[in-house]
1. Can you list which of the GluC sites (Glu not before Pro) found in the range 67-123 are DSSP loop residues with at most 13 other C-beta atoms within 10 Å?
2. Counting only residues 5 or more places away or on other chains, whose amide H sits under 5 Å from the amide H of PHE94 once H atoms are built in the peptide plane?
3. Under the Kirkwood approximation applied to all pairs of distinct alpha-carbon atoms, what is the hydrodynamic radius of the range 179-242 in Å?
4. If amide H atoms are built 1.01 Å from N in the plane of the peptide, which residues on other chains or at least 5 residues away come under 5 Å of the amide H of GLU64?
5. If you rank SER82, SER197, SER166 by how much accessible surface each has, with a 1.4 Å probe, what is the order from largest down?
6. Among residues other than ASN261 whose Cβ falls under 13 Å from its Cβ, what is the net charge (Lys/Arg +1, Asp/Glu -1)?
7. Under 11 Å from the 7 Å Cα→Cβ point of GLU74, by amide nitrogen: which residues of the range 170-206?
8. Between ARG265 and ASN130, what length comes free when the chain is fully extended (0.36 nm per residue of separation minus the Cα-Cα distance, one decimal in nm)?
Amino acid sequence: MWHFPAAEVDAWASRFLHWAAEERKSRLLVVPAPHTDWMPGYAALARQSLELEGMLTTAKPTAELEEFSDAGQEPPEGEFWSWSLLGGERPLTFVPLPASMHAKLAQATLDAVAAFPADTPTPHELATLNGLEEGQTLQQNLVNRPEYLIAPHGLSSDQNTWLNLSAVDPTAASFCGELLDRVISGLDVRDDGCSRSLQAARSHALDGVPGRRHVTRALEAILARAYSQGLENVLRSMMTGGKAPARQRWVLPTAEIVIGNEVIRSVRVCWTPTRPPPFRRTVDIPTSISPAPKHKTGSKPSATQLRTRNRLARRAGKVRQKK
């Protein structure tokens, strides 16, 4: 401790605290509530300044990052009405999404099926529920018709893509709502005094905000991967005899939102490996129940049945006497 560089550490700490205070004004970090392995994602998103980065000796974390900051056309007003349903007050079974999600979800279906060997047979349960050919492999059934599992509505006449959320990772789906709420809180939207539901309040707050296209693209990426992971999990649960191949790694998102002058500058998503959830089933296999033994008409009751009847009769007589 005699040689501890107190002056150098104090100078570094002062610069770090000043940098962190400035960064908090424009950068917001979001993590799913039940995510237990979020720290590598935070480390990957919390970029240091160039001055501080040269003073650190820790190894950079390896993480998969996606950044959404490109120029492009803003989504039309009302686009967030569908996204605002995710992570809401009540869990949903089906959610209507923008039509642009249909192609992304079809690709996510192919990605989930690609995790299995090419000769994997189509599970009987999947073929029965979706009208697929049971004699064909899983890839043969879905390579030409990947939209069959975006059930049961798919692309509807009102240009919405209806998605069955039972095949979606619930933690990532709920995170979409958390991301929306964090963006709205960072924009410091003023309350106009109108009473709205959570869905309507989210949609109203984001309509017309410059840079909202980055949020839309981040939500599309998060939900597509959540659907692909969840669908793969459901397919594995349908494999009979416990012969499902080893599953791929499971990842959950953390995100960074950069906001400046009421404009959403960018959204970065970091995918952090974590423990996969247990297998989930959408439809349980019915349990076979053996029929009760039949008694012949007019057959004599057994001694046990006679004792039971006499015992019940005595109890009923005692109750009547008390009354």
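1. GLU77, GLU89
2. LEU165
3. 14.5
4. Amide H neighbours of GLU64, under 5 Å, 5+ apart: TRP271.
5. In descending accessible area the options line up as SER197, SER166, SER82.
6. Overall, the nearby charge balance is 0.
7. 206
8. The ARG265-ASN130 span can extend by a further 44.4 nm.
The values are calculated or read from the model by the stated rules, or taken from the named source; none is laboratory data. Nothing here was measured: the structure is a model prediction, and the numbers come from that model. All Cβ positions, even for glycine, are placed from backbone atoms using ideal geometry, and neighbour counts span all protein chains on display. Quick note on the areas: whole protein, heavy atoms, side chains included, nothing else; ligands and nucleic acids left out. Shrake-Rupley method; radii C 1.70, N 1.55, O 1.52, S 1.80 Å.
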